[in-house]
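These notes concern the structure reproduced below.
Taken together, the values in this text are just the output of simple stated rules run on the coordinates, not laboratory data. Since we're looking at a predicted model, the values are computed, not measured. Every residue, glycine as well, gets a Cβ built from its backbone with ideal geometry; the counts of neighbours run over all protein chains shown.
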Amino acid sequence: MKAIYEQLASEAVEIQEEIIKLRRGFHENPELSFEVGETGRTCASYCQNLGFAVERCCAELLGMDKYGVIATIRPDLEGKSIALRAEMDALPIQEQTELSFCSRKQNIAHLCGHDAHCAMLLGAARILSNHKDAFKRPVQLIFQPSEETLSGAKKVVDEGFLANVGEIYGLHVHPRLKIGKLGWRSDALMASPDELSIIITGKGGHAAMPHLCVDPIPIAAEIILSLQTLISRKTDPLDSAVISICMLKASDAVNVIPEKAELQGTIRSFSATVRDFLHREITNMAGFIAKAHGAVAKVDIIKGSPVLTNDSERAKELSEIFNALCDTKVFKSLNGGAIQMAPIMGSEDFSYYLEQVKGAFAFLGAGDGREDAPGFHSSSFMLDERALPLGSALLAAVALTRASC
Ligand SMILES: [Zn+2]
Ligand SMILES: [Zn+2]
């Protein structure tokens, strides 16, 4: 297998200027989650020119001639396909870098690296098209909109595009992981994010006469503090979870006790058991505390994406392929290799795919190793473009390895 990795690595390096040009094009023209029109057209026409069968996805979610792209190579082959996924959307943030190809749009920028993901996947498409005769089953590329709203992947699944997929892989560039590294994990890598809203209804009135009111504000304060005991006292210390109350709305005046107080926040966990436990206990705790004070608490929890759980064998093979690529002549100078990484409390809607089929998601190093480098969604997020050909080579190599066996 060694020779094929040498081959794929040098093919990736041969087209690195093209991959970087594609990335800079996406970077200059960023589009928000539901607005990926130009990005969709670029990905579709690039894959069409390479002879892929191209279909549109998420068109209903986006509307007005905007769509995600499903591009399949060798659709004539039987068997479940190997899928690779890239996200397409940018963020509603003003970019503050000095890059020559900085975002041309006000308050919209690629500050999570999804521009790099599309470019790496297009690079992988070009490499794979050189090897399509070796395939024994199809390879399906997914250019997915709306990752930042955690809604695109679910839509792709709901539209049936995973029905014929056997395995799926995805990479995310990481600005704090050194170039040449792959951060992988054999099990749960990212948390489930759920939105929490609690509305406490008491009885409003004059601030000078609290005894004639049911003040929802101290009740809200008591609920906020008590919820933390669900993490510190009720959850196994070896099971990670977070409850953060980030919004608190009550009265608009200094001398008015409001009728209602509203809390909003996020719940993160790493297992379905802990997740269900927290949902149940938050509802009970808020309800009982409010009742004890003569108020009512209405609790709403909107479930976000599931815990992102890698398949151990698929993740291990991805890391081994990465190590083989790092050993090739063209990438050896990066001095790279795969490292097991700790789980992170952030979320990714790739988890919807991993709920359906086996696969792996990993972080591709694109930084200089500084731990304080601007992180994801920072206005000065930057990445080392030398990661791009390595990412394209890895995507192509895992797809080719799995589709030809
Ligand atoms: Zn992001
Ligand atoms: Zn992202």
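Within the chain, the longest segment free of exposed loop sites, counting GluC sites (Glu not before Pro) that fall outside DSSP classes H, G, I, E and B and have at most 12 other Cβ atoms within 10 Å, spans 99-370. Considering only alpha-carbon pairs that sit under 8 angstrom and 6 or more positions apart, the relative contact order computed for segment 213-262 is 47 percent. Could you please state, rounded to a whole Å, how far the C-alpha centre of segment 129-144 is from the C-alpha centre of segment 225-288? So the separation of the two Cα centres works out to 46 Å. Placing a label point 7 Å from the Cα of LYS249 along the Cα-to-Cβ line, the residues of segment 195-210 whose backbone N sits under 17 Å from it are 195-202.
What is the chain's relative contact order, in percent, from Cα pairs under 8 angstrom and six or more apart in sequence?
Reported as a whole number, the value is 26 percent.
Counting only residues at least eight positions apart within a chain, or on another chain, the lysines with an alpha carbon under 16 Å from that of LYS298 are LYS203, LYS249, LYS260. This ranking places THR309, THR235 by how few other beta-carbon atoms lie within 10 Å of each, fewest first, which gives THR235, THR309. Normalising the average separation of contacting C-alpha pairs (under 8 angstrom, six or more residues apart) by the number of residues puts the relative contact order of segment 192-302 at 43 percent.
Between HIS211 and SER379, the modelled labels are 5.1 nm apart [label points 7 Å from Cα along Cα→Cβ]. Ranked by the mean number of other Cβ atoms within 10 Å of their residues, highest first, the peptides 328-339, 125-136, 359-370 fall in the order 359-370, 125-136, 328-339.
The simple Förster model, with R0 at 45 Å and r as the Cβ-Cβ distance, assigns THR229 and PHE101 a FRET efficiency of 0.35. Here, the chain yields an orientationally averaged convex hull projection of 21.6 nm² when only Cα atoms define the hull. By the rule of a C-alpha distance below 25 Å, with chain neighbours fewer than 8 residues away ignored, the lysines paired with LYS80 are LYS132, LYS136, LYS154, LYS155, LYS316, LYS358. Remark: spin-label model distance LYS203-GLU17 equals 7.8 nm, labels positioned 7 Å along the Cα→Cβ axis.
Distance between the C-alpha centres of segment 1-19 and segment 339-381: 24 Å, rounded to the whole angstrom. In summary, the helical segments of the chain meeting the span-like criteria, namely a full DSSP H run, a Cα extent along the axis of 15 angstrom or more and a mean Kyte-Doolittle hydropathy of at least 0.0, are 114-129, 216-232, 272-292, 387-403. Our helix-only sum for the chain, with -39,500 (n - 2.57) per DSSP H run of n ≥ 4 divided by its residues, gives a mean residue ellipticity at 222 nm of -11000 deg cm²/dmol.
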